[in-house]
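Notes for the one structure printed next.
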Amino acid sequence: MRKILVPIKRVIDYAQKIRVDPSKGAQGVQLKNVKMSMNPFCEIAVEEAIQLKEQNKGAEVVAISVGPKQCTETIRTALAMGADRGIHIETKPDVRGDYIDLQPWAIATLLKGVVEKEDAVDLVLLGKQSIDSDCGQTGPLLAGLLNAPQATFAANIERGDDGSFTVERETDTGTETIKLNASGKPAVITCDLRLNTPRYPTMPNIMKAKKKPVETISLEDMVKELGLDLDEVLTPKNEVVEVYEPPPRKEGETVGSIDELLGKLKEKGLVA
Amino acid sequence: MNTNSLTKLFNPTDDHAALREMVRSFTEREVEPQALDTIEVKHSINDGLGILGLTAPDEFGGTGLPDATAVSIVHEELSYSDPALCLSYLAHSILLVNNLAVNANDEQLALFMPGICDGSKIGGMCMSEPNAGTDVLGMKSNAVYDSARDGFILNGTKMWITNGTLTGKETGDLFLVYARTGPRRGQILLSLWWRKAWRDKLGMRASPTAELVFENVFLPAKTHVVGDVNGATLCMMRNLEIERVALAAMAVGIARRSLDEMIAYASNRPALARIQKHISESYAEYMAGKCYLYAIANGLDLSTYGNGLDADGVKLYCATMAKNVADRAIQVMGGYGYCGEYTVERLWRDAKLLEIGGGTNESHHKNMARDLHKLDGNKLE
Ligand SMILES: Cc1cc2nc3c(=O)[nH]c(=O)nc-3n(C[C@H](O)[C@H](O)[C@H](O)COP(=O)(O)OP(=O)(O)OC[C@H]3O[C@@H](n4cnc5c(N)ncnc54)[C@H](O)[C@@H]3O)c2cc1C
């Protein structure tokens with residue numbers, strides 16, 4: 001196997017309480033002074049890439065992230081886990097890393113350019129979605145743009161000697177097995193929660209990761225280099241109209257018996 | 001406020017920031033969920049993080065960060081959730097691993113270090129005795145040279161040994177033991193027998209504490225004697241400095257957690273104006289302790305000796321600070337605070353140990369007054 005490209009996203013840490021500033025309208029989700037880390041599904045993708053590399057000597061794992069300066073830290077985490085090098089497409093400080101400014105279309109367009117420029121990419125492994133905007137579109141869009149074989153929500157991935165990938169997906173009706181035949185195009189696979197348990201980067205590896213190369217290039221330069229149109233890439237296709245905190249839960253009602261509960265549910269039309 | 005200078009004080013380099021981040025997420029995900037089951041002696045320092053041998057040289061399996069700041073960061077983060085687990089970690093990584101790393105020769109490092117760095121062997125350090133705690137140099141354990149076998153015969157009893165037993169049945173794997181070789185002191189390395197484990201401690205219940213009894217234990221001179229035969233007092237004093245800094249870091253972790261709990265509780269009850277004093281004073285004391293801690297840690301060289309004044313000072317201040325902050329957290333939370341599932345009563349019990357272990361408050365008073373007296377009339381900077 002040659003190269004595995006793993007796009008990773010820096011998002012608000014899963015354990016953080018999200019704060020919304022209503023005066024900021026659609027930009028209300030606060031990103032300042034909030035702990036950010038790698039999107040958990042991206043961690044799973046990095047782990048899978050490293051495992052595939054361990055099974056296929058000679059493969060190179062390249063982690064790539066689009067976003068502000070601090071994305072370098074996210075890339076360093078991937079390098080400490082075992083990725084070989086990083087590419088950081090750096091956005092201006094006022095660009096939000098979440099759905100408001102950087103939408104899946106923009107990311108997928110950039111990734112397509114990087115896949116073609118990198119050459120020799122056999123596999124692109126992505127998280128099935130990012131926990132900040134929950135779109136789940138980047139992987140499928142990328143596969144479409146590349147006209148490449150894809151599988152989403154992978155729960156197991158095996159690589160065949162012929163360069164194919166066999167992917168198991170857990171669906172509502174059972175496990176589905178899909179073979180992505182070698183096509184000359186990279187396979188695009190998005191990773192589900194049960195694919196693996198990501199390793200912790202060990203302290204010695206964190207220190208070694210500092211010596212691994214990270215190429216940083218501004219979004220503007222990258223767009224130029226890939227021959228894309230900046231407006232076309234960066235102008236969001238969709239507009240976020242409103243963001244608000246979930247309303248506080250209303251106090252419940254105590255019922256005395258199951259019959260009473262059923263009665264109330266029927267009254268509200270919640271059960272027939 | 002520009003928080004940059006504080007961030008730099010607490011995490012002077014990118015490595016430190018990455019270490020804190022890594023241990024914090026490990027603590028959130030793996031340490032916190034088990035921290036409340038601390039009634040029974042349990043043992044779970046085993047991980048793939050590379051922190052067991054934090055300060056040990058990498059050629060012997062360590063991580064190669066001989067650095068008091070890194071030590072402080074790990075202890076602060078682990079203690080945020082589980083001070084008892086952290087105490088066991090301290091006994092292993094500081095009292096055993098770091099002491100060996102600084103004082104043992106290469107042959108000994110090659111023999112003992114890899115196992116204690118990868119966690120396949122867990123141990124600690126035996127200094128205190130039933131009648132020699134604060135007055136540690138009054139120890140009775142002795143090692144007598146046997147020229148026929150070129151080794152020492154060790155006899156004696158060591159008390160309150162963290163990790164002395166891991167399972168409640170067998171002894172831990174490896175211990176550094178201080179013993180008398182004559183009128184002066186020797187330091188010796190070995191493994192041995194267990195007699196009794198305490199389960200009913202005030203706090204630190206998840207950290208096993210045991211009495212170890214040595215009866216005619218043979219120690220080959222070549223491999224099992226660390227440093228100069230009569231020179232171990234220096235090893236002891238040097239390692240006590242980093243131990244005290246690490247214990248102060250545990251105090252800072254306990255205080256930060258107690259504050260988080262207090263603040264979260266109070267923010268759900270805005271009417272509780274009378275607790276403002278508790279929260280604000282706790283925060284100020286926590287920050288004062290944390291700044292003292294990292295200011296000292298950032299300048300401490302683990303291979304040197306003679307930093308006693310502030311190693312004592314930072315532990316003296318932080319231990320009582322943590323106990324007081326945990327105490328106020330209980331007070332703020334009232335009946336909830338007193339009960340187990342709200343965490344702070346456990347932190348209060350754990351914090352008390354920090355005024356005793358690694359030197360009692362009174363021993364710090366004694367040492368510090370002595371050191372300050374040595375200023376000989378010169379004024380403080
Ligand atoms: C949970 C736990 C874990 C421990 N782990 C370890 C370990 O791993 N290894 C190890 O070697 N030890 C360990 N210890 C022992 C610990 O270091 C001692 O308990 C401590 O040094 C105090 O000694 P002591 O208990 O004999 O108290 P004492 O020295 O008897 O002190 C009792 C009281 O007298 C005061 N006092 C004594 N002498 C003086 C003096 N000269 N001037 C003023 N006041 C004085 C003390 O401050 C204290 O208030 C542990 C203890 C505990 C509780």
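From the list B:A255, B:A246, B:A251, pick out the single residue that is in contact with a His (Cβ under 8 Å, 6 or more places away or on another chain) and under 16 Å from B:L293 (Cα atoms).
The match here is B:A246.
Restricting to the range B:117-139, name every residue that is more than 10 Å from the ligand (Cβ to nearest atom) and at pLDDT 90 or above. Within the range B:117-139, just B:C117 meets the criteria. The set of residues in the range A:1-50 being in contact with a Cys (Cβ under 9 Å, 6 or more places away or on another chain) and of a type in the set (K, R) consists of A:K9, A:R10.
Looking at B:S81, B:S72, B:S5, just one residue is away from the ligand (no atom under 16 Å from the Cβ), hydroxyl-bearing (S, T, Y), within 23 Å of B:Y342 (Cβ to Cβ) and modelled with pLDDT of 90 or more, and that residue is B:S81. Where strands (runs of 3 or more DSSP E) sit wholly within the range A:168-272, those with at least 1 residues that are on the phi > 0 side of the Ramachandran plot and at pLDDT below 95 occupy A:174-180.
Results for (1) of a type outside the set (V, I, T); (2) more than 10 Å from chain A (Cβ to nearest Cβ), shown as yes or no for each residue.
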| site | (1), (2) |
| --- | --- |
| B:L54 | yes, no |
| B:P57 | yes, yes |
| B:T69 | no, yes |
| B:I73 | no, yes |
| B:S79 | yes, yes |
| B:P83 | yes, yes |
| B:A91 | yes, yes |
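Only a single item in (1) more than 11 Å from the ligand (Cβ to nearest atom); (2) hydrophobic (A, V, I, L, M, F, W, C); (3) more than 14 Å from every other protein chain (Cβ to nearest Cβ); (4) within 20 Å of B:L65 (Cα to Cα) is not met by B:A143, and it is number (4). In the condition set (1) under 17 Å from the mean Cα position of the chain (by Cα); (2) in a helix (DSSP H, G or I); (3) away from the ligand (no atom under 16 Å from the Cβ), B:L302 is compliant with all but (2). Residues that are of a type in the set (G, A, S), in contact with a strand residue (DSSP E or B) (Cβ under 6 Å, 6 or more places away or on another chain) and closer than 17 Å to A:V11 by Cβ within the range A:27-61 comprise A:G28, A:A45, listed in sequence order.
Return yes or no: is B:G308 modelled with pLDDT under 95 and away from the ligand (no atom under 16 Å from the Cβ)? In short, no.
Taken over the range B:289-305, the criterion of being at pLDDT 95 or above, of a type outside the set (G, A, S) and farther than 20 Å from B:L375 by Cα is satisfied by B:K290, B:C291, B:Y292, B:L293, B:Y294, B:N298.
Here is a yes/no grid of residues against (1) surrounded by 13 or more Cβ atoms within 10 Å (Cβ to Cβ); (2) more than 24 Å from B:M204 (Cβ to Cβ); (3) in contact with a strand residue (DSSP E or B) (Cβ under 6 Å, 6 or more places away or on another chain):
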| residue | (1), (2), (3) |
| --- | --- |
| B:G124 | yes, no, yes |
| B:D135 | no, no, no |
| B:N142 | yes, yes, yes |
| B:S147 | no, yes, no |
| B:D150 | no, yes, no |
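The set of residues from the range A:4-18 being basic (K, R) and surrounded by fewer than 24 Cβ atoms within 10 Å (Cβ to Cβ) comprises just one member, A:K17.
The residues of the range B:252-267 that are farther than 13 Å from B:S79 by Cβ and of a type in the set (V, I, T) amount to a single one, B:I263. Is it the case that the range B:201-222 has a residue that's in a helix (DSSP H, G or I), more than 16 Å from the ligand (Cβ to nearest atom) and either away from every other protein chain (no Cβ under 14 Å) or buried (at least 24 other Cβ atoms within 10 Å of the Cβ) (or both)? Yes.
When only residues in the range B:324-336 that are free of Cβ contacts under 8 Å to residues at least 60 places away in the same chain and crowded, with 17+ Cβ neighbours inside 10 Å count, which is farthest from the ligand (Cβ to nearest atom)?
Across the range B:324-336, the extreme among qualifying residues is B:I330.
Listed conditions (1) at pLDDT 70 or above; (2) more than 14 Å from the ligand (Cβ to nearest atom); (3) in contact with a Leu (Cβ under 8 Å, 6 or more places away or on another chain) are all met by B:S191, apart from (1). Beta carbons closer than 8 Å, at least 6 apart along the sequence or on distinct chains, pair a first residue in the range B:140-165 that is part of a loop (DSSP other than H, G, I, E, B) with a second that is within 16 Å of the ligand (Cβ to nearest atom) and among the aromatic types (F, W, Y) for B:S141/B:Y178; B:S141/B:F214; B:G164/B:F175; B:G164/B:W194. Of all residues in the range A:203-248, those being closer than 19 Å to A:L141 by Cα and basic (K, R) number 1.
Can you name the residue in the range A:190-213 that is surrounded by fewer than 19 Cβ atoms within 10 Å (Cβ to Cβ) and β-branched (V, I, T) and is also nearest to the other protein chains (Cβ to nearest Cβ) among such residues? Within the range A:190-213, the match that is nearest to the other protein chains (Cβ to nearest Cβ) is A:T202.
Being outside any helix (DSSP H, G or I) and either in contact with a strand residue (DSSP E or B) (Cβ under 9 Å, 6 or more places away or on another chain) or within 15 Å of the ligand (Cβ to nearest atom) (or both) is the filter here; which residues of the range B:338-381 pass it? Step through it out loud before you land on a result.
So the first thing to find is which residues in the range B:338-381 are outside any helix (DSSP H, G or I), and the list is B:339, B:343, B:354-360, B:374-381.
B:L354, B:E355, B:I356, B:G357, B:G358, B:G359, B:T360 - these are the residues of the range B:338-381 that are outside any helix (DSSP H, G or I) and either in contact with a strand residue (DSSP E or B) (Cβ under 9 Å, 6 or more places away or on another chain) or within 15 Å of the ligand (Cβ to nearest atom) (or both).
A single entry from B:Y338, B:Y265, B:Y283 fulfils the requirement of being touching a Phe, Trp or Tyr at 6+ places or on another chain (Cβ under 8 Å) and of a type in the set (S, T, Y): B:Y265. Just to be sure, is B:T63 of a type in the set (S, T, Y) and part of a loop (DSSP other than H, G, I, E, B)? Criteria met by B:T63.
Within the range A:19-30, can one find any residue that is in contact with a helix residue (DSSP H, G or I) (Cβ under 8 Å, 6 or more places away or on another chain) and modelled with pLDDT of 95 or more? No, the range A:19-30 has no match at all. Of the residues in the range A:217-240, not one is more than 20 Å from the chain's Cα centre (by Cα) and within 14 Å of another protein chain (Cβ to nearest Cβ).
Given the options B:G306, B:G357, name the one that is surrounded by 19 or more Cβ atoms within 10 Å (Cβ to Cβ), under 30 Å from B:I94 (Cβ atoms) and not charged (D, E, K, R).
B:G357
The values are calculated or read from the model by the stated rules, or taken from the named source; none is laboratory data. All of these numbers come straight from a predicted model, not from anything done at the bench. A quick note on method: Cβ atoms are made from the backbone with ideal geometry, for glycine too, and the neighbour counts reach across all protein chains shown.
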